[in-house]
Structure formats: structure tokens, C-alpha cells
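Comments concern the structure below.
What follows is calculated from the coordinates using simple rules that are stated; it is not laboratory data. Predicted, not measured: the structure shown is a model, and the values here were computed from it. Cβ sites come from the backbone with ideal geometry, for glycine too, and all protein chains shown count toward neighbours.
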Amino acid sequence: MFVQTCEAESGRMPLDATRLQAMTRMIRYSSNEDATRVLEWVGEQRLLDILQSPRFRLYDAGGPGGLATYPSTGGPPANSVGNDGDFAQRRDGGAGTTLYQRRAGAWVATGA
């Protein structure tokens, strides 16, 4: 919802009735289907762009990370952690970072 609101503020994605209804269901009823829909509207790369932006600095791919950080030996988070639609990122100790989304009860590398 945060990123969708940022997109609305910038004029990139208006908060029309369809989007407001999906966001309401996502928040009020924890609708995983609507959380996925909102993510698809925004796009995974745009999500990262906003989280890493100088304005918010919620995710630092070159530093300590953000969201949830896991060491490379841990792989993705345990499937018992989080809810569908959640995001977690794992730094591999070097320059690489993997962003995971929890889908259908399991963590999946985004883009998969």
C-alpha cells in the first residue's frame, strides 16, 4: 500500500475505485489476492526503486539492507515466517541481494 500511495502521489497511478477497493481488501481483510494485484500494478522493479529512493531510504542494497535481512547461509526465510504478499531480502555478503516474496505459503525469489 505504501508504494501504491507513492505512485498515486506522483501521478503515475491514480487511486481509482478499483484500486481503492483492492487496497481496502488487502488491508482490512488481509487479501493475498489483492496484495498480489497491487504489487503487479506497481511492479517489482518500481517497488525496489521507491524503497531505495533517497526520499525514503527504506532499503539499502549497498549497505545494511532493510525490510528483513538474512545471511547467505540462511537462504530464503523459513516458510513459517511471514504472510503471503510479504517481502524479505537477503544479502549474500557481497554485492548481490535477493528479494523474496511469500506466495502460496512459500518464499520465492522475485522474478521467479
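Using the Cβ-Cβ distance between GLN45 and SER80 with R0 set to 22 Å, the FRET efficiency works out to roughly 0.15. Backbone amide hydrogens, once placed in the peptide plane, bring THR110 within less than 5 Å of LEU99, TYR100, GLN101, excluding anything fewer than 5 places away on its chain.
Taking amide H atoms as placed 1.01 Å from N in the peptide plane, the amide H of ASP84 lies under 5 Å from those of GLY105, each 5 or more residues away in sequence or on another chain. The chymotrypsin sites (Phe, Trp or Tyr not before Pro) of the stretch 4-59 that meet both conditions, a loop assignment by DSSP and at most 16 other Cβ atoms within 10 Å of the site Cβ, are TYR29, PHE56. Model label points for SER30 and MET1, set 7 angstrom from Cα along the Cα-to-Cβ axis, are 1.4 nm apart.
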